[in-house]
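Student: My questions will all concern the structure given below.
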Amino acid sequence: MTDPHSSPRFRLGTRRSPLAMAQAEETRARLAGAHGIDPAHIEIVAVTASGDRIQDRALAEIGGKALWTKELDAWLASGEIDFAVHSAKDVETLRPEAFAIGAVLPREDVRDVLVGAASIHALPQGAIVGTSAPRRAAQLLHARPDCTVVTFRGNVATRLAKLAAGEADATFLAAAGLKRLGETGTGHPLDAEDWLPAPGQAAILVECRADDARTRDFLSAIDDAPSRASLLAERALLAALGGNCHSPIAVLSRHDGDALVMRAALYSPDGAEKVEGSARFPAEDLEGPARLAADLLSRAVPAIADHFAGPG
């Protein structure tokens, strides 16, 4: 039996938000179980990320996804932590070469949840909907151009409080986040085939230093191969599209035998324009997503294409 009072063997870095802490706890529990060690041997080191501190503006206006990762990146690079736990959809597509994906945990429910109405079509005429995600805003306005979008930022509790205070008629949350927080009874899940989720949604990504063989070996015990394959494919699609935090993109990947089937849609930010496509390719073939990206961009009108830079 391992001595639970001895020094931790690994330091896990995470944001301090309730969901981030829940994801860190899940990662620690999986690692402890896989290696037969006491969870106390994995120390959770929390930081308040810039993205959590600045709540009054849309993320795309104040620095994008890097605001979720920069503090943990600095700690990881300096050796203050051994690995960092992230929501995969919050991690920039292009990452420092010094970092590697040590593990992708089994992916949770990828659906969005609508809070405030039973469905998109059940929203009242002219409804005000709170979201800070360009994808959700564009999808909503495409389906319901009569609605108005207002910026909603903050953790789950903050957004639900804003909704309760009457700042909007409805808002969106991720089903995976709600489940990890133990709030599965909140809202109405939207069919992922009709309402495509965000790239990387519901996946937990664990990063470590690329040259840290000890930690990479430790993390490999909890790496879920199907979840890794779909996440890497979705990140390859993003890279080939050249999108940024302002670029509304939705994607759904599912495994079919040894292949991945990927559906993706690009929108103009106002939701007026949409282009959609699908592709089937071997799960390890990262050129498959790039071909789908090229097809989408070739058919995109300027109102969409202007928000995507393409590969490179």
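Student: Val251: under 19 Å from Val91 (Cα atoms), of a type in the set (A, V, I, L, M) and outside the structural domain of Gly36 (by TED's automatic domain parsing), yes or no? Talk me through it step by step, then tell me what you get.
Tutor: Working: under 19 Å from Val91 (Cα atoms): yes; of a type in the set (A, V, I, L, M): yes; outside the structural domain of Gly36 (by TED's automatic domain parsing): yes.
For Val251, the condition - under 19 Å from Val91 (Cα atoms), of a type in the set (A, V, I, L, M) and outside the structural domain of Gly36 (by TED's automatic domain parsing) - is met.
Student: Restricting attention to the stretch 252-268, report how many residues are buried (at least 19 other Cβ atoms within 10 Å of the Cβ), of a type outside the set (Gly, Ala, Ser) and in contact (Cβ under 8 Å) with a residue 60 or more places away in the chain. Can you show your working first?
Tutor: Of all residues in the stretch 252-268, those buried (at least 19 other Cβ atoms within 10 Å of the Cβ) come to 252-253, 260, 262, 264-268.
Then drop every residue that is not of a type outside the set (Gly, Ala, Ser), which leaves 252, 260, 262, 266-267.
From the residues that got through so far, the ones that are in contact (Cβ under 8 Å) with a residue 60 or more places away in the chain too are 252, 267.
Residues that pass the stated criteria total 2.
Residue-by-condition table, conditions (1) over 17 Å from the mean Cα position of the chain (by Cα); (2) within 30 Å of Leu76 (Cα to Cα); (3) among the basic types (Lys, Arg); (4) surrounded by 21 or more Cβ atoms within 10 Å (Cβ to Cβ):
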site: Arg136; (1), (2), (3), (4): no, no, yes, yes
site: Gly166; (1), (2), (3), (4): yes, no, no, no
site: Arg180; (1), (2), (3), (4): no, yes, yes, yes
site: Glu183; (1), (2), (3), (4): yes, no, no, no
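Student: Separate question: Please go through the stretch 252-281 and give me each residue that is closer than 19 Å to Arg299 by Cβ and not in a strand (DSSP E or B), ordered by number.
Tutor: Within the stretch 252-281, Ser268, Pro269, Asp270, Gly271, Ala272, Glu273 meet the criteria.
Student: For the structure I just gave you, tell me whether Arg228 is in contact with a strand residue (DSSP E or B) (Cβ under 6 Å, 6 or more places away or on another chain) and either modelled with pLDDT of 95 or more or of a type in the set (Lys, Arg) (or both).
Tutor: Working: in contact with a strand residue (DSSP E or B) (Cβ under 6 Å, 6 or more places away or on another chain): yes; either modelled with pLDDT of 95 or more or of a type in the set (Lys, Arg) (or both): yes.
Yes: the conditions hold for Arg228.
Student: I would also like to ask the following. What are the residues in the stretch 12-51 that are of a type in the set (S, T, N, Q) and within 20 Å of Leu181 (Cβ to Cβ), if any?
Tutor: Start the filter on the stretch 12-51 by keeping residues that are of a type in the set (S, T, N, Q), which leaves 14, 17, 23, 27, 48, 50.
Result: Thr14, Ser17, Gln23, Thr27, Thr48.
Student: Give the residues of the stretch 260-312 that are at positive phi and in contact with a helix residue (DSSP H, G or I) (Cβ under 8 Å, 6 or more places away or on another chain), sorted by residue number. Before the answer, list the steps.
Tutor: To start, the set of residues in the stretch 260-312 that are at positive phi comprises 271, 310, 312.
Result: Gly271, Gly310.
Student: Residue pairs, Cβ under 8 Å, 6 or more apart or interchain, first in the stretch 68-81 and assigned by TED's automatic domain parsing to the domain that holds Pro96 and under 10 Å from Thr14 (Cα atoms), second assigned to a helix (DSSP H, G or I) and among the hydrophobic types (A, V, I, L, M, F, W, C). List them.
Tutor: Listed pairs, sorted by first residue: Ile81/Leu72; Ile81/Trp75.
Student: Scanning the stretch 239-251 for residues that are surrounded by 16 or more Cβ atoms within 10 Å (Cβ to Cβ), outside any helix (DSSP H, G or I) and in contact (Cβ under 8 Å) with a residue 60 or more places away in the chain, which turns out farthest from the chain's Cα centre (by Cα)? Walk me through it before giving the result.
Tutor: First pass over the stretch 239-251, keeping only residues surrounded by 16 or more Cβ atoms within 10 Å (Cβ to Cβ): 239-245, 247-251.
Okay, now just the ones that are also outside any helix (DSSP H, G or I), so 242-245, 247-251.
Imposing the further condition that a residue be in contact (Cβ under 8 Å) with a residue 60 or more places away in the chain reduces the set to 242-245, 247-250.
Numbers: Gly242: 17, Gly243: 15, Asn244: 14, Cys245: 12, Ser247: 14, Pro248: 14, Ile249: 12, Ala250: 11 Å.
Ranking the candidates gives Gly242 first.
Student: Does Asp295 satisfy the condition of being among the charged types (D, E, K, R) and in a loop (DSSP other than H, G, I, E, B)?
Tutor: On the way: among the charged types (D, E, K, R): yes; in a loop (DSSP other than H, G, I, E, B): no.
In short, no.
Yes/no matrix, rows are residues, columns are (1) of a type in the set (A, V, I, L, M); (2) more than 27 Å from Ala98 (Cβ to Cβ); (3) modelled with pLDDT under 95; (4) not assigned by TED's automatic domain parsing to the domain that holds Ala84:
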{"site": "Asn155", "(1), (2), (3), (4)": "no, yes, yes, yes"}
{"site": "Asp169", "(1), (2), (3), (4)": "no, yes, no, yes"}
{"site": "Ala176", "(1), (2), (3), (4)": "yes, yes, no, yes"}
{"site": "Glu183", "(1), (2), (3), (4)": "no, yes, yes, yes"}
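The values are calculated or read from the model by the stated rules, or taken from the named source; none is laboratory data. Source: prediction; values computed, not measured. Every residue, glycine as well, gets a Cβ built from its backbone with ideal geometry; the counts of neighbours run over all protein chains shown.
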